[in-house]
Every structure is written in structure tokens, then in C-alpha cells.
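Inspection log for the structure reproduced underneath, given as C-alpha cells.
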Amino acid sequence: MFPVTTGTLLFLALTMFTISSLKWVNIILAGQADNRFNDYKKKIMNVLTIAFAQTKIIKGDLKAGLMHAMIFWGFCVISLRTIIFFGMGFDPTFASWFTESIVGKLYIFALNFILALVMVAVVYAAYRRVVLKVGRLTQSSEAVFILSMIFTLCFTDFTFEGARLVMENMKDAAWQPGAAIFADIFKIVGLSEGSLQFIADASYLVHISLILLFMNFLPYGKHFHVFTFLPNVFFMRTTPYGQLRNVNLEDPNAVSFGTATLKDLSWKDLLDVATCTECGRCSAQCPAFNTGKPLSPKQINIDMREYLKREEGIGGQHHGWTTYAETSMGAEAALATPAAERYVTPFVIDPEVFWSCTSCRACEEACPVGIEFVDRIVGARRHMVLTQGVMPTEVQATFRNMETNYNPWGIGFDSRGEWCKDMGVKMFADHPTAEYLYFVGCAGSFDERNKRIATALVKVMQKANIDFAILGKEEVCNGDSARRIGNEYLFQTLAKQNIETMNRYNIKKVITACPHCFNTIKNEYPQFGGDYDVVNHTDFIYSLMQEGQLKPVRPLPQKSHVS
């Protein structure tokens, strides 16, 4: 059809796309090491369920999820058609062996319905953006432009085939119901063969030009996720949700800890930044954002991405974007700061954004493309606390209390076992062969309300004749709050102290009533050689009842389940 034109456009477009994409590739590969090459079975399942089945995006918002899923599934099916389309530019009979076979005809038949469904989905997407103006979405002309291109791609496919059907006397029209509608319109209008050929040629050239334009537009906007979301989902974390990234505080080559500049991010963090779709599902689920705090997980991605794009010359400056420092201290003063000293905080992002995070990971649970936020946020906190010495005044006293008395309130550590002194509870120092360690935690040891929970649990275990003991004043805070606030040094000090004590007693089984103790000992202590069988008290009591070691004195209320 148009071998020279098709070949020229394809060569130029692929060259430009390669140049712009390589800038992103270089940015991502410059990230810090992050071993994600493990647990391939789970990774493949994530790709199949989250990426291809679109389970997360449908679960989060059914109507919008189905709309996006339809566009994604449509693109998967249409991709074969795209290859055939470009091949026809060099040879009109390209892949005719396939298109004229029964399998090919079935594909074309299904394609006609899918093209129509994609057009409907695109119209609904535009309606949500232009008319409904859904709050969680980032309103931009880019999104409308992309939707217009997708709609036009489907439309030109129909007009191309419709004109060809008329010129071929409606041959195989039954296999192309969508294109046949356009063919009937052309017949009713009474277009000449020359006009039909013009429509077919114009539709073809517009179609392939839009595909190449679309491809080259992607690296400059949020729709780059078209290429990055599959690997991003594949490399999602398979470690426990409650486990934060470890830091080697004894690294002799380290000049700072945590995330100082964006170059301190791991390659997966940078891939996350490149993959963000700006759908806003993360912020919609964020408890900090929904209570008026300055944190918006989506905005963190946008700010990091636009800064990277501007620094690397990928068009970030064309969005009229300014850094937090440029806004707060003035552009001239901010830009005068040496590049090596342009810390993520406070240069790119307001420090208060990072201090607002509760580290609950609701944002990560909601993200349909596998983006991780909490390790990046905690990384920024670590840099502020450990390297800059910056932290909220509210936590300074807490850190001092944890350092001196091993609990956030500063209550004397030697009174840690006083809550159960009249209950006959044994200490590991006196009963080192106990089967279970009951790790009481700070709240269970000192907070009046939580003491009642600890007391009740002890009575239950004594009733069931469980062989357990506590550490008493040998137990220190698990360190969870220190780690999440950013004081990794304090966390590791406390964690290693607990692990040393527990290993000295050869403890294997641990019972906790505190969710923070449960997560920290079960999921984070293994990073430092503390491997234990940890069970939550509710699960432990349930197992005792199942095994008949505990028998209720009266019938327990049953929770009804609606199927």
C-alpha cells in the first residue's frame, strides 16, 4: 500500500521512541540495588491476576475498573491487528493466510465487537473526566488527548475496513459486523470508488500515524505505564506487608542513611515513579489524606517524576511544575543549591508530607499497578532523623524514653513485670525451659487498659495449662515505632537486644497480644537473626478451643455470614 511512507514513519518513530525511552531506562537502572528476583511463582500469579485479569482495578471501583479493564483487554486483542496493519503497509496481502483462515475470521469477528466496546469505554472514561470530574483523578488535557487518540484508532479501523468491504462487494461482511455498518453508510451515501479508496488510504495513514504518535507521547506523560506496568507488577514485593526495607548501619562506605536524593531510591522505587497512572486510588484510601493532612501518595509520585523528568530533560519543565523548595524559598535560591545537596526533603517535597504517613500501606493495597510507597516515605524519614537530625518535636521525648527506659513513656524499665506480680507468672530467668514466651510489650506492661488484656490472656493460658513465661525487665520495646518514624539506629539497638535475650533462652515460640509486637517479631526480627514461630493471642486462643484445651462455660455467640 504505502511501503515507503510506512517504512519512513516507522523508522523515525521507533528511533525517537528509543531515544526518549532510554532516558527512563537509564534513570531506573541508576537506582540502588534491590533484589526482586525471587518467588517467581507468586510473581507470575500477580501478573496473571493483577495485570491481565485486572482484579485490583475492578475491585477498587467496579464501574471505572471495568471501563479500564475493557480498554486494556481491547489493546491486548488489538495488538495483533496493529502488527497486521503495519505489515499491510508494505504488502497488502500480508498475513492473508491468517485473515482468510477460519481462525483469522473468528479473530476479526471478535475484534469488531471489541473495538466497539473499547469505544464505549473511552466515551465513559471521557464522561467521568470532563462531565463528572471525579475528584481522585488528576485532571489534565493529556488524558483527554489520549482518550481521543484511542477512540480515533478504533474509528479509523472501522472506516478502513468499511471502505474495503464496499470495494470488495461486501465479501466476508458477515465476519465484520462493525465495519459492515460503516460500509452500509458509505453505500447509502453513494460514494464513488475513488472516494472509497481515499477513505481507506486516509484511514490507514491516520491510524498508523496515531499509533506512532501515541507511542512517542508515552515517555513524556503518565501513560508511560503502558510499557512499565507489567514489569512493575511482576517485581512487586513478595515479602510480608509489615516488613520495612532493612538498612546496613555498619556500611563503612555510607555517607548518609535513608533517602537523601532521588538517586538513593532503588531501581524498583524509580520504576514505581515512572509507572504511576495518577488514578488517585492511593490517595482516596489514605487515612492521612482523608483527614486533611498534607500527604497525598499520588502527589509524591507526581513530584518525584516531574523532578526526575526535568533534571534528565524528559520534558518535566514543560508542565509548569515547580519544586517545594522553589515555592517555599524562591526559585532563584532553590536552583542555586548544588545538585548533590538537593535532598528529596525539603528540596522536592515538603517534609510534613512524609511525617503525615501512618505506614498502613492502604495506598499500596489500592494501587492497581503495584506501586509501593511506604519504604520510600520511611527512607525519607530515616534521612531526616539519622543524617539531618530533623524530626517532629513530639517524638524527641519518645526517643529519649525508649533509649533510657525501653518504652515510649519513660516508665522505669525494672517495673516492666509488676503488672502480674500477684498472678504467679514465671520469668524466663526462673523458668528458662518454658515452651512459650509471652512477649507482653510496652502497652501490655504499662498501659492500664492493655494491662487488662494481658491479665485476661494470662488467666486463659493458665486455665489451659500452657507452659509459658515472660521476660519481665529483660524485655525491651520491640522498636516498631522508632523504625517507622525513621530512627533505624534505635530500632536496631532495641531489636538486637531482644533477639539476643530470646536466643540466649533458646526461645522458639512467641505469643503476642500487641499487633505491633506481632508484626515486628514475626516479620522484621528475621532480618537480624531472630526467627521465631509467632502467634497472635486471638489465633492462639482459637486453636486451644479447637483442640479442646479450652472449653467455654456457656455457648459463644456465633457471627452470621451472609453468602
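The table below gives the values:
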read-out	value
Some residue of the stretch 539-547 being crowded, with 17+ Cβ neighbours inside 10 Å, closer than 26 Å to L244 by Cβ and in contact (Cβ under 8 Å) with a residue 24 or more places away in the chain	yes
Scan of the stretch 475-504 for residues that are aromatic (F, W, Y) and closer than 18 Å to F413 by Cβ, ordered by number	F491
Residue match in the stretch 279-288 (condition: surrounded by fewer than 18 Cβ atoms within 10 Å (Cβ to Cβ), in a helix (DSSP H, G or I) and either of a type in the set (S, T, N, Q) or in contact with a Leu (Cβ under 9 Å, 6 or more places away or on another chain) (or both))	no
Flag if S140 is closer than 30 Å to K171 by Cα, of a type in the set (S, T, N, Q) and exposed (fewer than 15 other Cβ atoms within 10 Å of the Cβ)	no
Some residue of the stretch 232-249 being outside any loop (DSSP other than H, G, I, E, B), closer than 21 Å to E364 by Cα, charged (D, E, K, R) and not assigned by TED's automatic domain parsing to the domain that holds N487	no
Residues within the stretch 429-463 that are surrounded by 18 or more Cβ atoms within 10 Å (Cβ to Cβ) and among the aliphatic types (A, V, I, L, M), tallied	8
Qualifying residue in the stretch 134-147 (condition: of a type in the set (D, E, K, R) and touching a residue at least 60 places away in the same chain (Cβ under 8 Å))	yes
Of all residues making up the stretch 285-308, the number that are within 25 Å of L218 (Cα to Cα), under 16 Å from the mean Cα position of the chain (by Cα) and not charged (D, E, K, R)	7
Number of positions in the stretch 253-268 that are within 18 Å of R310 (Cα to Cα) and either in contact with a strand residue (DSSP E or B) (Cβ under 7 Å, 6 or more places away or on another chain) or assigned to a helix (DSSP H, G or I) (or both)	4
Only listed residue being more than 28 Å from T6 (Cβ to Cβ) and in the same structural domain as F72 (by TED's automatic domain parsing), chosen from A202, A126, A173	A126
Top-ranked residue of the stretch 495-512 - restricted to ones that are hydrophobic (A, V, I, L, M, F, W, C) and crowded, with 22+ Cβ neighbours inside 10 Å, ranked as nearest to C357 (Cα to Cα)	A495
Index of the failed condition, C477 passing every other in (1) part of a loop (DSSP other than H, G, I, E, B); (2) in contact with a Pro (Cβ under 9 Å, 6 or more places away or on another chain); (3) without any contact (Cβ under 8 Å) to a residue 60 or more places away in the chain	(3)
Single residue of E352, E306 found to be over 20 Å from V390 (Cα atoms) and among the charged types (D, E, K, R)	E306
Single condition K293 does not satisfy, out of (1) touching a residue at least 24 places away in the same chain (Cβ under 8 Å); (2) in a helix (DSSP H, G or I)	(2)
When residues of the stretch 252-265 are limited to those that are over 20 Å from the mean Cα position of the chain (by Cα) and at pLDDT below 90, the one farthest from I371 (Cα to Cα)	P252
Pairs with Cβ under 6 Å, 6+ apart, first in the stretch 392-416 and of a type in the set (S, T, N, Q) and modelled with pLDDT of 95 or more, second surrounded by 16 or more Cβ atoms within 10 Å (Cβ to Cβ) and part of a loop (DSSP other than H, G, I, E, B)	T398/P408; N401/P408; N401/G410; N407/C477
Options S140, S148; residue that is under 30 Å from S283 (Cα atoms), in contact with an Asp or Glu (Cβ under 9 Å, 6 or more places away or on another chain) and among the polar types (S, T, N, Q)	S140
Given (1) on the phi > 0 side of the Ramachandran plot; (2) crowded, with 16+ Cβ neighbours inside 10 Å, number of the condition G292 does not satisfy	(2)
Index of the failed condition, T337 passing every other in (1) touching a helix residue (DSSP H, G or I) at 6+ places or on another chain (Cβ under 7 Å); (2) assigned by TED's automatic domain parsing to the domain that holds S481; (3) surrounded by fewer than 19 Cβ atoms within 10 Å (Cβ to Cβ)	(2)
Test for I511: is it more than 22 Å from R237 (Cβ to Cβ), at pLDDT 95 or above and outside any loop (DSSP other than H, G, I, E, B)	yes
Yes/no for E142 being in the same structural domain as F11 (by TED's automatic domain parsing) and at pLDDT below 95	yes
Top-ranked residue of the stretch 174-201 - restricted to ones that are free of Cβ contacts under 8 Å to residues at least 40 places away in the same chain and under 45 Å from the mean Cα position of the chain (by Cα), ranked as surrounded by the most Cβ atoms within 10 Å (Cβ to Cβ)	F182
Out of I83, I57, sole residue that is over 22 Å from N112 (Cβ atoms) and in a helix (DSSP H, G or I)	I57
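Table: residues versus (1) of a type in the set (G, A, S); (2) at pLDDT below 95; (3) surrounded by 13 or more Cβ atoms within 10 Å (Cβ to Cβ).
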| residue | (1), (2), (3) |
| --- | --- |
| I50 | no, no, yes |
| A53 | yes, no, yes |
| A69 | yes, no, yes |
| W73 | no, no, yes |
| F85 | no, yes, yes |
| P92 | no, yes, no |
| F98 | no, yes, yes |
| F109 | no, no, yes |
| A116 | yes, no, yes |
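Residue-wise test of (1) in contact with a Pro (Cβ under 9 Å, 6 or more places away or on another chain); (2) modelled with pLDDT under 90; (3) farther than 18 Å from K263 by Cβ.
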site	(1), (2), (3)
P294	no, no, yes
I300	no, no, no
G315	yes, yes, yes
E326	no, yes, yes
A333	no, yes, yes
A339	no, yes, no
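The values are calculated or read from the model by the stated rules, or taken from the named source; none is laboratory data. Bear in mind that the values here come from a model prediction, so they are computed numbers and not experimental data. Note that we place each Cβ from the backbone using ideal geometry, even for glycine, and neighbour counts take in every protein chain shown.
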